[in-house]
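To keep things clear, I will list the structure first and then write my remarks on it.
The values are calculated or read from the model by the stated rules, or taken from the named source; none is laboratory data. Since the structure is predicted, the reported quantities are computational estimates derived from the model, not experimental observations. When we count neighbours, we look across all protein chains shown, and the Cβ atoms used for this are built from the backbone with ideal geometry, even at glycine. The area values use the complete protein model at the heavy-atom level, side chains included, leaving out ligands, DNA and RNA. Shrake-Rupley method; radii C 1.70, N 1.55, O 1.52, S 1.80 Å.
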Amino acid sequence: MPTDPPRVLIVNDDGIDGPGIVLLEKIVRRFTDDVWVIAPDEERSGAGHSMSTYHPIRVKQRDERHFAVKGTPTDCALLGVHDLIPGTRPDIIVSGINRGPNLAEDITYSGTASAAMEGAMLGIPAIALSQVFRPPNQPHWATAEAFAGDIIEKLLRAEWRPGMFVNVNFPDCPPDGVKGIRTTTQGLRPPGAFRPVRRIDERHIPYYWIKIEHPEGGHAPGNDLQAALDKEISITPLQLDMTDRRALSGLQQLFEA
């Protein structure tokens, strides 16, 4: 069980000055003052579960409990747990609030989700939170603000199995448009969400942007994509064990017969 009040490490991938992490600290401070913010010094969206192994990680301490890290969200979680937070380890790692969805296969790319995944690897309960929206519209930050605190407090009381972390997505609507809270499975969109777009610079040299264009489909009753369509908050328990157990018997027949 966590201490009361809990010690909370806040991480993100949008950068330490992102509006989502500023809002998240405000929310968490409603139920604890033992809050530590350790986040990338600039946006690291799409960093996934990468960590810095070939160059030094520079840290700029802004005040007693705020640290800007020239590194990935995973680096931030590791530094917080092992070095920057004195005394006892955090009771929970809370990552976000991400500016945009982390639904379905998004979690494999997401630095937000990966910081929570690192928490699971460290044996610490961890939650990733994201506010769904579609550009050029702006995120409904008020929706996350209205619901995140209660969700985090309830998850603090949950039973956490080893290797587990939780992914939360707030729907793309104002607070009064939220239809409810749903515990969900992870969805899987059709292929083709990311595509390189070729451009030419002023010296006639090609370069590329990765375009994000989520295809329609993949939603099904009970999954996170369907919850987002239904204007519901999705709470998805995830785990580090990615074994496809349904494929085991077939592979055993091929290789162990």
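A few remarks follow.
- Residue selected from the range 191-217 under the condition in a strand (DSSP E or B) and of a type in the set (Lys, Arg), by the criterion least open to solvent (accessible area, probe 1.4 Å): LYS211
- Meets criteria (among the charged types (D, E, K, R) and under 16 Å from ASN12 (Cβ atoms)) for GLU118: yes
- Residue within the range 176-183 that is within 25 Å of GLY20 (Cα to Cα), touching a residue at least 40 places away in the same chain (Cβ under 8 Å) and assigned to a helix (DSSP H, G or I) present: yes
- Of the residues making up the range 21-65, just one is open to solvent by 80 Å² or more (accessible area, probe 1.4 Å), polar (S, T, N, Q) and closer than 26 Å to LEU240 by Cβ, namely THR53.
- Verdict on ASP106 being in a helix (DSSP H, G or I), surrounded by 18 or more Cβ atoms within 10 Å (Cβ to Cβ), under 13 Å from the mean Cα position of the chain (by Cα) and charged (D, E, K, R): yes
- Checked against the criteria, GLY163 does not count as over 15 Å from the mean Cα position of the chain (by Cα) and surrounded by 16 or more Cβ atoms within 10 Å (Cβ to Cβ).
- Residue within the range 212-229 that is farther than 24 Å from GLN138 by Cβ, of a type outside the set (D, E, K, R) and touching a Lys or Arg at 6+ places or on another chain (Cβ under 7 Å) present: yes
- Candidate set: the range 72-112, residues that are touching a Pro at 6+ places or on another chain (Cβ under 8 Å) and hydrophobic (A, V, I, L, M, F, W, C); chosen: the one farthest from ASP41 (Cα to Cα): ILE92
- Residue check for ILE233: β-branched (Val, Ile, Thr), touching a Pro at 6+ places or on another chain (Cβ under 7 Å), without any contact (Cβ under 8 Å) to a residue 40 or more places away in the chain and over 20 Å from GLY18 (Cα atoms): no
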